[in-house]
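The structure under discussion appears below in the form of structure tokens.
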Amino acid sequence: MATQIDLPPELLEAIVCKLDSAVDMASCALVCRAFVVPSQRQLYRKIMLTFAFLTWRPVPNLERRLALLQRFPHIGTYIRDLSIDIPASAEGQQAMGNLLDCIFRGPGPCIVERLAVDFHGSQWDKLSPVIVNAFSNVFSSSSSVQRCHILRVAALPRDIVLQIAHSVKLLSLIHITGILSPDDTFAQTNDLLVWQHSLLEELMIPAGLTSTAISRSYRFLFDLPHLTRLSTPLSAFRVGLAGTGFSGLLHRLQTLTLDCVALIESLDLPMLPELTCLTLAFVRGTTSTADEQYTLPEYIVSALGGLPTPKLKRLTLRVLVPASFAFDVRTPRPDWCSPPELKICAVHDGQYTAVNIHMIECILGYIDPFAVCDDSPGSHFAHVFDGFMTFMTEALTGAFPGMATEKLSFGKRKAQDRVNYMDHLP
């Protein structure tokens with residue numbers, strides 16, 4: 001066996017990065033001394049402490065991982081992406097809290113960049129003090145976490161959310177219930193300073209039963225000084241519009257993603273003078289004929305005719321259709337009708353002007369986020385997708401006569417993994 005390889009470290013890193021299997025990475029670390037650090041760095045870069053990997057005796061599994069980090073503390077410095085599920089038992093929460101403390105407050109420097117935590121519906125004030133303290137310590141003044149995703153926790157305190165928003169650049173709150181407060185102002189000087197020095201640039205509130213409640217409970221998030229990118233359902237966005245500090249966000253917002261899947265009658269966007277990227281997700285409309293051909297909803301056609309976004313450069317339309325796996329030669333497949341007379345214009349002070357859009361992206365997917373968009377020849381999705389490309393090309397060419405084809409792109413929605421369900425989060 002070779003004992004030395006005279007290759008630059010960068011080349012060794014590039015070789016190891018091509019490996020996908022943890023078994024291959026572990027084997028690569030045994031080649032020679034030069035491969036040990038690059039292989040371990042790739043092997044421990046992404047850690048999944050979720051129930052999918054801790055289904056059998058989770059507490060002993062967590063304790064073994066804690067013993068490993070205590071014996072080899074340098075491994076903790078390799079972790080960049082960490083996803084965890086909070087156990088329901090007090091013993092499991094204590095073991096997970098000790099492991100988090102070892103990762104984030106160990107002897108070596110912690111450089112975790114992405115953290116996703118699923119509390120599985122636990123109530124915050126009933127969690128073990130060990131896990132509460134460990135989670136709070138993650139977002140200290142020296143925290144390296146840049147992207148944080150919090151899932152399924154009840155009664156999450158405002159000061160915890162504010163502490164997270166102070167240190168991360170991207171925050172997503174998924175199925176969270178907060179504590180309603182009649183006053184969104186910060187009476188304590190310390191809270192006001194934390195709010196003023198918040199680093200949060202992007203806020204994500206995915207569609208769900210609690211999205212509107214999140215907007216009400218943590219309305220102060222919309223007024224953070226550096227927030228310029230927002231992803232939210234239209235209903236939660238409208239709740240934010242009713243807030244006293246939302247006008248400041250509207251004037252500095254640069255990227256907006258609106259989930260319009262819920263049935264609505266009109267879009268009615270406010271004036272967004274600095275917005276450059278707009279994404280609209282909606283369910284396809286149907287014609288009134290018996291065949292129920294697919295088309296664009298009327299409120300989308302109307303909204304695109306008067307966008308209050310004079311600086312818009314990129315427009316993304318995510319169209320969702322019902323998933324169906326029962327189509328065969330005897331079942332009629334849905335087709336797209338003739339495209340509507342589509343106009344895309346910007347409106348400001350009642351004046352309509354042309355929009356200088358650099359790119360329009362059209363994405364088709366199933367309403368079910370776990371349904372795979374199989375575009376193999378003869379499949380249901382391939383049939384719908386072919387009609388979708390023809391429909392959108394004709395509609396957008398009519399809206400922008402002489403539009404170059406390189407400005408128009410098409411894609412399909414990527415299905416989420418039912419097991420590694422946090423992988424799709426940025």
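What is the one condition in (1) on the phi > 0 side of the Ramachandran plot; (2) surrounded by 13 or more Cβ atoms within 10 Å (Cβ to Cβ) that Arg57 does not satisfy?
(2)
Which one is surrounded by the fewest Cβ atoms within 10 Å (Cβ to Cβ), of the residues in region 401-426 that are at pLDDT below 85 and polar (S, T, N, Q)?
Among those residues, the one meeting the criterion is Thr405.
Given the conditions (1) in a helix (DSSP H, G or I); (2) touching a Pro at 6+ places or on another chain (Cβ under 9 Å); (3) surrounded by fewer than 19 Cβ atoms within 10 Å (Cβ to Cβ), report the number of the one that Leu62 does not fulfil.
(3)
As an exercise: evaluate Ile47 against (1) touching a Leu at 6+ places or on another chain (Cβ under 9 Å); (2) assigned to a helix (DSSP H, G or I) and give the number of the one condition it does not meet.
(2) is the only condition that Ile47 fails.
Taking the conditions exactly as written (in the same structural domain as Gln293 (by TED's automatic domain parsing), assigned to a strand (DSSP E or B) and aromatic (Phe, Trp, Tyr)), does Tyr421 satisfy them or not?
no
Residues are listed down the side, and each one gets a yes or a no for (1) surrounded by fewer than 21 Cβ atoms within 10 Å (Cβ to Cβ); (2) not small (Gly, Ala, Ser):
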| position | (1), (2) |
| --- | --- |
| Leu115 | no, yes |
| His120 | yes, yes |
| Lys126 | yes, yes |
| Ile131 | no, yes |
| Ser136 | yes, no |
| Ile150 | no, yes |
| Ile160 | yes, yes |
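I'd like to check something: does region 33-40 contain any residue that is modelled with pLDDT under 80, part of a helix (DSSP H, G or I), among the small types (Gly, Ala, Ser) and surrounded by 12 or more Cβ atoms within 10 Å (Cβ to Cβ)?
So far as region 33-40 goes, yes, one or more of its residues are modelled with pLDDT under 80, part of a helix (DSSP H, G or I), among the small types (Gly, Ala, Ser) and surrounded by 12 or more Cβ atoms within 10 Å (Cβ to Cβ).
The values are calculated or read from the model by the stated rules, or taken from the named source; none is laboratory data. Values in this document were obtained by computation on a predicted structure and should not be read as measured data. So basically every Cβ, Gly included, is an ideal-geometry build from the backbone, and we count neighbours across all protein chains shown.
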